[in-house]
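Colleague: Input: one structure, supplied below.
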Amino acid sequence: MEENLEKKLMRKKESGWFTTDDERFKQIFEFCDGYMKFLNISKTEREFAFNAKKVAEENGFRDINTIQTLTEGEKVYYLNREKSLYLAVIGKEPLERGLHIIGSHIDSPRLDLKPNPLYEDSELAYFNTHYYGGIKKYQWTTIPLSIHGVIIKANGEKITVNIGEDENDPIFTITDLLPHLAKDQASKRLNEAIEGKNLNILVGSIPVLDKSVREKVKLNTLKILNEKYGITEDDFVSSELELVPSFKARSLGFDYAMVAAYGQDDKLCSYSALRALMEINNPEKTAVCILTDKEEIGSVGNTGMKSHVFDYFISELLNKKGENRPSLLEKVFCNSKMLSADVDGGFDPVYSNVFDIYNSSRLSKGIILNKYTGVRGKSGASDANAEYVAWVRNLFEENNIKYQLSELGEVDVGGGGTIAYMLANKGVDVIDCGAAVLSMHAPYEVASKFDIYEAFRAYKAFYEKN
Ligand code: MN
Ligand code: MN
């Protein structure tokens, strides 16, 4: 038998750490230190958009609304209602020759306050919540939670809320039943044991010292909120307040080789794509980065990927670059290429039976391509053309980027999809391309530092490719 037949014919599947030299090792850890710092200040879509805009401005990007004409090499962004951000570096080629787009989302599963959140029960004050995105509800009890968001007063005054992150801040939590009294609860199904309507946040226990008031603890809570933020109960009506885990992003493992953090779906890809774009100067094709909102609830609304605001941004690029013939936007999309950058549920050996071991993504084995997504018989799938997969694969091979191909879970155990099909519907060649995450959608998600940096390298190579 030929001596190197295995090497010649079989796919290499070893861990990325195997081929990581000292210099790369240092780059990986430095990049992930920045990533963890950014995660700690960007837990919500508004915070991510705000901080991403700041990073972009520091790197020479300007608000497209302030620019009349665009020429090659220019760097612009469009902030959509403070919740999603589109950025572009104008290429040497005309836009109609196609864009290189990386699209990711910056919203993550969480608990939102209801419009009338505050109530008192048995001399304890609570906030009512409505969960956002796909969560396992039991995971959100008995953990420290912070409140992030905005309150807009009727006169338009905006109050930014961020409480629970600083060591001196209080935190909030959802209580759970002690095991001693949980016999009935323990015999319930996992998804019924904690009900959505019971995800109530404990926020106070001191009453006002006025016997004539009925809800004394509620009133005292309002008094504190009025002193701190100048608001009344009515102002909750026009607020967006989100409960997110207070945990800080941390290195995980004796080897520090993983990141444990809230919201890595999909801030892992968003951060990597943003950082990749910051390194791009004078590309051939215009490089575009989408940081979108509302992916976790179906990409709906005017800050989600289904809205036409992104098309408007591209139309503005065309107009301001002086490329404006009828129907040019469709042509731009039909000639464009995209990586839909979202995390993938990585193979978890503790729950191996829900995965197809031959087609699961693995931690530390590099960037993942999902040729198709969808559920059951590929329903709702965005299925990338083999020709385009070959183009992407070639790009990664040329740049020595470690990649793997996978699909989410074993056939018929579930499935999912992300924003890929929305761009595919416009005519863009698109493939899902992200990193593996364990405990996806949990308050604390796990990813490999090797994969995080490999995502950055992959996205950068994509922007640089003609
Ligand atoms: Mn996602
Ligand atoms: Mn998700």
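The values are calculated or read from the model by the stated rules, or taken from the named source; none is laboratory data. Note that this is a predicted model, so its numbers are computed, not measured. Cβ atoms come from the backbone with ideal geometry, glycine included; neighbour counts cover every protein chain shown. Remember, those area values only see protein heavy atoms, side chains included, never the ligands or the DNA or RNA. Shrake-Rupley method; radii C 1.70, N 1.55, O 1.52, S 1.80 Å.
Colleague: Out of the range 438-460, which residues are buried (at least 24 other Cβ atoms within 10 Å of the Cβ), more than 14 Å from ligand 2 (Cβ to nearest atom) and assigned to a strand (DSSP E or B)?
Modeller: The one that is buried (at least 24 other Cβ atoms within 10 Å of the Cβ), more than 14 Å from ligand 2 (Cβ to nearest atom) and assigned to a strand (DSSP E or B): SER448.
Colleague: Follow-up question, since we're still on this one. What do you reckon, is LEU95 over 25 Å from ALA260 (Cα atoms) and surrounded by 23 or more Cβ atoms within 10 Å (Cβ to Cβ)?
Modeller: Details: over 25 Å from ALA260 (Cα atoms): yes; surrounded by 23 or more Cβ atoms within 10 Å (Cβ to Cβ): yes.
Considered against the rule, which asks whether it is over 25 Å from ALA260 (Cα atoms) and surrounded by 23 or more Cβ atoms within 10 Å (Cβ to Cβ), LEU95 comes out as yes.
Colleague: Given the residues ILE151, ILE206, which is the only one that is among the aliphatic types (A, V, I, L, M) and either modelled with pLDDT under 95 or outside any strand (DSSP E or B) (or both)?
Modeller: ILE206
Colleague: Something else: Mind checking which strands (runs of 3 or more DSSP E) fall wholly inside the range 57-105 and carry at least 2 residues that are within 16 Å of ligand 2 (Cβ to nearest atom)? Please lay out each step first, then the result.
Modeller: Details: elements: 75-80, 84-89, 99-105.
Fully inside the range 57-105 and qualifying: 99-105.
Colleague: Run down LYS267, LYS248, LYS228, LYS320 and say which single residue is more than 16 Å from ligand 1 (Cβ to nearest atom), assigned to a helix (DSSP H, G or I), in contact (Cβ under 8 Å) with a residue 40 or more places away in the chain and among the charged types (D, E, K, R). Give the derivation first.
Modeller: Working: LYS267 fails: more than 16 Å from ligand 1 (Cβ to nearest atom); LYS248 fails: assigned to a helix (DSSP H, G or I); LYS228 fails: in contact (Cβ under 8 Å) with a residue 40 or more places away in the chain.
Matching residue, one of LYS267, LYS248, LYS228, LYS320: LYS320.
Colleague: Being open to solvent by 10 Å² or more (accessible area, probe 1.4 Å) and within 15 Å of ligand 1 (Cβ to nearest atom) is the filter here, so list the residues in the range 415-429 that pass it.
Modeller: GLY415, GLY416, GLY417, THR418, TYR421, MET422
Okay, residues lined up against (1) open to solvent by 10 Å² or more (accessible area, probe 1.4 Å); (2) touching a Pro at 6+ places or on another chain (Cβ under 9 Å); (3) modelled with pLDDT under 95; (4) not basic (Lys, Arg):
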site: ARG250; (1), (2), (3), (4): yes, no, no, no
site: ASP255; (1), (2), (3), (4): yes, no, no, yes
site: GLY263; (1), (2), (3), (4): no, yes, no, yes
site: LYS267; (1), (2), (3), (4): no, no, no, no
site: LYS285; (1), (2), (3), (4): yes, no, no, no
site: VAL288; (1), (2), (3), (4): no, no, no, yes
site: GLU296; (1), (2), (3), (4): yes, yes, no, yes
site: GLY304; (1), (2), (3), (4): no, no, no, yes
site: SER307; (1), (2), (3), (4): yes, no, no, yes
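Colleague: Can you tell me which residues in the range 338-365 are within 24 Å of ALA390 (Cα to Cα) and either open to solvent by 50 Å² or more (accessible area, probe 1.4 Å) or of a type in the set (A, V, I, L, M) (or both)? Before the answer, list the steps.
Modeller: Quick first cut of the range 338-365, residues within 24 Å of ALA390 (Cα to Cα) only: 338-346, 356-365.
Correct list: MET338, LEU339, ALA341, VAL343, ILE357, TYR358, ASN359, ARG362, LEU363, LYS365.
Colleague: Given the conditions (1) open to solvent by less than 40 Å² (accessible area, probe 1.4 Å); (2) in the same structural domain as PRO443 (by TED's automatic domain parsing), report the number of the one that LEU118 does not fulfil.
Modeller: Exception for LEU118: condition (2).
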